[in-house]
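Novice: Before we start, here is the structure in question, set down as structure tokens.
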Amino acid sequence: MASFCILDEFEVHKNEEFLRIAEELKPELHETEIAPVRLLKLREDGSPEPEVISEEAAENLKAKCLKKDDKVILDFGNHHVGYVTLDLSSAGSHQDAPAYVYLKFTERLDELTADTASYNGWISKGWIQEEYLHVDVLPAKIELPRRYAFRYLEIKVLDVSLKFSLVVNAVTGKAVSAVQDEEVTAISTEDEILKQIDRVSTRTLKNCMQLVFEDGPKRDRRMWLGDLRLQARANYKTFHNTDMVKRCLYLFGGLTFNEGKIPACLFLEPEIEPDDTYLFDYALLYGSALLDYYRATKDMDTLKDLYPVAIRQIEIGLTYLNEENLIPDRSGEFWCFVDWGEGLNTQAASLAILIYSMRYGIRLAEYMEDAKTSQWLAEKMDVLKKSAVEHFWDEEQKLFVSGAGRQVSWATQVWMILARVFDKEKNRELILHTIEVNPRIRMVTPYMYHHYIDALIRSGEKERALDEMKRYWGEMIHDGADTFWELYNPYNKYESPYGSVAVNSFCHAWSCTPTYFLRKFYLEK
Ligand code: RAM
């Protein structure tokens, strides 16, 4: 379990003008009608691969008289985020007892057979998309109040009475998103896997684009800064909804806390409010998200407004350095994210991310013609690069190590490459050597894989990056992904940071970036 770093004193600073700008950019959500496209039946042996029993879902559904323990499984054909209405009635004698109904919405097929009752993870089981309904009077049209992220819906009759049955006349729904499929053109390639990867990426992005860039429409449903940065990159190359990025950057910039820190995430309801969680790396990466935005839009007014917020994050980051110019090791806390994954030591990566953010800070300062800032940042960055090599480079292993235990992980190598502690050729040697050694402490999230792909491309290993993308995201599709997942460890497919995959999110913002890589580095003229 991650130990959260809850702040003793938490003081929110609101910039009303920034929040006003953000509010004006609030999108109208598009609604699309959705309906089940087929009914499924689980195999006799209970295996998760259901048999398709009907393509004429609506007619077949209506024809069923459901008794105690009967169930139907509806397949909506693709992953959706939205609302569902049940149209129910009874057959037989007068309804003499409540119809007691169980509903389970799932994003993946596998989840239909997962045992959710024994869930014992460390985050709320409230995220599992299950409902228990008592329907006292039939017929009834029930508009379910929650928003779901789902492709499948199981409806099970927990009980009726001996004298009547439940009839599901129809299940209808509306999917919601700030963007529409038509806004994106498919990539032109003959490669089927790449086409699929691109399609699943854009679907993931679309379903996470709600009133802000959410991280996962099933779980969390809030805006995390690290996820936002990657979503925005994918968005520039696809839906190009730059207003949404602008809105989100202003929200983070307008809701800072203690010393001007940007929170790691924002809650959206009942009112937008910052979480009392500071993640060192996420806050530092704000500048990178701002620079991407500026490069995509040339919106100087926004840059001018938010530049001080970005530079402030670097200043705050620098205050954590000790006398040896190192960030003290806080791997045991939820303080510098880097990646989920048991036992990952984040000390070296945190210094690398600080260096990386300073390079972005320098670029921002150059656009702002702020020579003083770019100069001090460049000088300090050189000092930190030297410190990184001096303390973390292991000449014998030819790898970077991290923490007192001198841990070798993939994440540390990747972030040192992205920090450009070495030149391009040496970075190339390092990434190839890492692949060969295959350190035991692996990457587990698509978030970390994004940075790995980035590191390969920046080290001149473009073809290998493409192969790795196909291997990782392609394998997820092979394992049934309609949208990409929060966590995917090809070596342990049931891994969860929360104690059970039942609460993992299977449409997760930070996993949508293959579309960015493909469109930016491979398919654009
Ligand atoms: C989880 C979510 C989110 C991520 C944080 C660090 O709660 O998966 O996307 O940014 O962790």
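Novice: Within the stretch 27-81, track down each residue that is assigned to a strand (DSSP E or B) and on the phi > 0 side of the Ramachandran plot.
Specialist: Passing the criteria: only GLY77.
Novice: Please list, ordered by residue number, the helices (runs of 4 or more DSSP H) wholly in the stretch 217-297 having 1 or more residues that are within 22 Å of ARG199 (Cα to Cα) and touching a Cys at 6+ places or on another chain (Cβ under 7 Å).
Specialist: Because the criterion is at least 1 residues that are within 22 Å of ARG199 (Cα to Cα) and touching a Cys at 6+ places or on another chain (Cβ under 7 Å), the helices (runs of 4 or more DSSP H) in the stretch 217-297 that meet it are 225-237.
Matching residues to (1) surrounded by fewer than 21 Cβ atoms within 10 Å (Cβ to Cβ); (2) of a type in the set (S, T, N, Q); (3) closer than 30 Å to PHE252 by Cα:
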{"site": "LEU166", "(1), (2), (3)": "no, no, no"}
{"site": "ASP181", "(1), (2), (3)": "yes, no, yes"}
{"site": "GLU192", "(1), (2), (3)": "yes, no, no"}
{"site": "VAL212", "(1), (2), (3)": "no, no, yes"}
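Novice: Counting just the residues of the stretch 337-361 that are in a loop (DSSP other than H, G, I, E, B) and not aliphatic (A, V, I, L, M), which one comes out nearest to the ligand (Cβ to nearest atom)?
Specialist: PHE337
Novice: Which of the residues that make up the stretch 33-53 are surrounded by 17 or more Cβ atoms within 10 Å (Cβ to Cβ) and of a type outside the set (A, V, I, L, M)?
Specialist: Within the stretch 33-53, PRO36, ARG38, PRO50 meet the criteria.
Novice: Pick from the stretch 307-336 the residues that are part of a helix (DSSP H, G or I), free of Cβ contacts under 8 Å to residues at least 60 places away in the same chain and not acidic (Asp, Glu): which of them is surrounded by the fewest Cβ atoms within 10 Å (Cβ to Cβ)?
Specialist: Checking each candidate, the answer is THR319.
Novice: Can you pull out the residues in the stretch 185-241 that are in contact with a Pro (Cβ under 8 Å, 6 or more places away or on another chain), within 11 Å of the ligand (Cβ to nearest atom) and of a type in the set (A, V, I, L, M)?
Specialist: Selection gives LEU225 alone.
Novice: Follow-up. When you scan the stretch 441-456, do you find a residue that is in a helix (DSSP H, G or I), under 26 Å from ASP110 (Cβ atoms) and more than 17 Å from the chain's Cα centre (by Cα), even just one?
Specialist: Looking for residues that are in a helix (DSSP H, G or I), under 26 Å from ASP110 (Cβ atoms) and more than 17 Å from the chain's Cα centre (by Cα), one finds none in the stretch 441-456, hence no.
Novice: Among the candidates GLU259, GLU269, which residue alone is surrounded by fewer than 16 Cβ atoms within 10 Å (Cβ to Cβ), within 20 Å of the chain's Cα centre (by Cα) and away from the ligand (no atom under 16 Å from the Cβ)?
Specialist: Answer to the selection: GLU269.
Novice: Here is a further query. Taking the condition of being within 16 Å of the ligand (Cβ to nearest atom) and not hydrophobic (A, V, I, L, M, F, W, C), how many residues in the stretch 437-496 meet it?
Specialist: 12
Novice: List the residue pairs whose Cβ atoms are under 7 Å apart, where the first residue sits in the stretch 169-187 and is within 24 Å of GLU214 (Cβ to Cβ), the second is part of a strand (DSSP E or B) and among the small types (Gly, Ala, Ser), and the two are 6 or more positions apart or on different chains.
Specialist: Hits for this filter: GLY173/GLY82; LYS174/GLY82; ALA175/GLY82; VAL176/GLY82.
Read-outs throughout are calculated quantities, based only on the coordinates presented, and are distinct from any laboratory measurement. Because the structure is a prediction, the values reported are computed rather than measured. For neighbour counting, all protein chains shown are included, and Cβ atoms are generated from backbone atoms with ideal geometry for every residue, glycine included.
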